[in-house]
Amino acid sequence: MAYDRALISSILRQLERQHDQYEAEAESRRYQLTMAIPRLGEIDRELRATAAKAMRIAFESDNTDIEIEALKQKNLALQAEKRSLMLQHGYPADYLTVAADCPVCRDTGYNGSKLCDCVKRKAAEIQKKNLSSLLPVDRETFETFRLDYYNTQPDNRFGIAPREMAKFNFQKCTQFAEGFGSSYENLLLFGSAGLGKTFLSSCIARRVTERGFSVTYDTAISIFDQYNSVKFKSGDFSSASQALERFRSTDLLIVDDLGTEMPGAFHTSCLYDLLNRRLMRRLPTILNTNLLPDELETRYSPAIASRILGEFTQLRFIGDDIRKIRKKQRF
């Protein structure tokens, strides 16, 4: 899973600050308690001394097992006395324990040498929040997808009813989201505006994010603007560079409104670079466009058309504009 490095670093720094705060709070409690119960301070000093002595015995003594066992028993006795003293004075046994929100990693962010699941959950939550500013992922879900917006009468041009086509597309998108990570596939969603391409992309984005993968969504125009900023070092170069890295390395990239940008050689080269990098690394991509497959070569280039048509599963959307249907239903 290619979590955005900047995002993970930010979460780890947050956990570190949180851990430092909890340690400071525990130290404050320890100081107040030892002032009120001096014996607790003596016990802490004795515990530190037993730890130091255990290390010395390990290096210097020939009778290690017996001496280490004696220290262990002394250590346990001191800890028991400490707990007893705290309970006698009305404090819970864990009063001096450093707090932690995650019991697995103790807020370090790592479970052994791997990222802890708590970090992955935080990353997924932040990604979902970021996606929510661009896509209505909380509202547009597989559960709220409505087939009744699609006509049941066969379309004479395609020989199939829009609802049957929509049902197939829905099933394919659901399978794509549920199987993400276990298989490799790219999707080309094409058809007229208002037929559910972005809706199903939003459904996929939500589900894949919830399953712990990184998802980046943006429009073709915005993506090409980032390429422009990096190439010509204009605007916020640093942010644009980070954005390009996300586009190239995210687990799932969703490019919306492909073909709405101004045609030109620069945009063609940008699209080629992006697709080629992701295809070489076998990173799934979803392209949403109003262009028909046979228009891709004319709009872009034979090389791009070949990559899209050869590497992407094509899902065609037909029917009436759902936005207009909804508008009529409101009145």
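Which value, in debye to the nearest 20, describes the size of the charge dipole of the chain about its Cα centre when Lys and Arg Cβ atoms bear +1, Asp and Glu Cβ atoms bear -1, and nothing else is charged? Write down the numbers at each step before the final one.
Working: 48 positive and 44 negative charges, 152 e Å.
Computed about the Cα centre, the dipole is about 740 debye.
Quick one: plug the Kirkwood hydrodynamic radius of region 1-114 (C-alpha pairs) into Stokes-Einstein at 10 °C, 1.306 mPa s, and report D in µm²/s.
The diffusion coefficient I find is 93 µm²/s.
Any idea what log10 I(q)/I(0) is at q = 0.15 Å⁻¹ for region 246-331, Debye with uniform C-alpha scatterers and no solvent?
These q points yield log10 I(q)/I(0) values of -0.62.
Straight-line reach from Lys328: which lysines fall under 27 Å, measuring Cα to Cα and dropping same-chain residues less than 8 apart?
Reachable lysines: Lys167, Lys197.
May I ask you to derive the FRET efficiency for Ala303 and Phe232 from their Cβ-Cβ distance with R0 = 22 Å, giving the value to the nearest 0.05? Mind showing how you got there, number by number?
Numbers: r = 24 Å, r/R0 = 1.08.
Step by step, r from the Cβ atoms, then E = 0.40.
Sort largest first and round to whole Å: the equivalent ellipsoid semi-axes of region 159-240, each the square root of five times a Cα gyration tensor eigenvalue. Could you put the intermediate results ahead of the total?
On the way: eigenvalues 186, 64, 18 Å².
That gives 30, 18, 10 Å for the three semi-axes.
Considering only Ser249, Ser229, Ser84, give the residue with the highest GNM mean-square fluctuation for the chain, with springs between Cα atoms whenever their separation is below 10 Å.
Ser84
Which value in deg cm²/dmol, rounded to the nearest 500, describes the helix-derived mean residue ellipticity at 222 nm for the chain, given -39,500 (n - 2.57) per DSSP H run of n ≥ 4 and division by the residue count?
Details: 12 runs with 191 residues, N = 331.
The helix-only estimate for the chain comes to -19000 deg cm²/dmol at 222 nm.
Apply the Debye scattering formula to region 167-294, with a single equal point scatterer on each alpha-carbon and no solvent, then give log10 I(q)/I(0) at q = 0.16, 0.17, 0.19 Å⁻¹.
Each listed q corresponds, in turn, to -0.80, -0.90, -1.11.
Please report the net charge: other residues with Cβ closer than 12 Å to the Cβ of Phe224, K and R +1, D and E -1. If you can, show how the numbers build up before the last one.
Details: positive: Lys231; negative: Asp218, Asp225, Asp257, Glu261, Asp273.
For residues surrounding Phe224, the net value is -4.
Tell me, Kirkwood radius of region 80-214 from alpha-carbon pair distances, in Å? Let's see the in-between values first.
Numbers: mean 1/r = 0.0529 Å⁻¹.
About 18.9 Å, per the Kirkwood formula over Cα pairs.
Specify the residue with the greatest mean-square fluctuation among Thr50, Thr152, Thr313, computed from a Gaussian network of the chain linking alpha-carbon atoms under 10 Å apart.
Thr50
The list (1) 16.6; (2) 17.4; (3) 27.3 gives values of mean projected area of the Cα convex hull in nm², and only one came from this structure; which label was calculated from it?
Derived directly from the coordinates: (3).
Where a number appears in this text, it was derived from the coordinates with a stated rule and is not lab data. Since the structure is predicted, the reported quantities are computational estimates derived from the model, not experimental observations. All Cβ positions, even for glycine, are placed from backbone atoms using ideal geometry, and neighbour counts span all protein chains on display.
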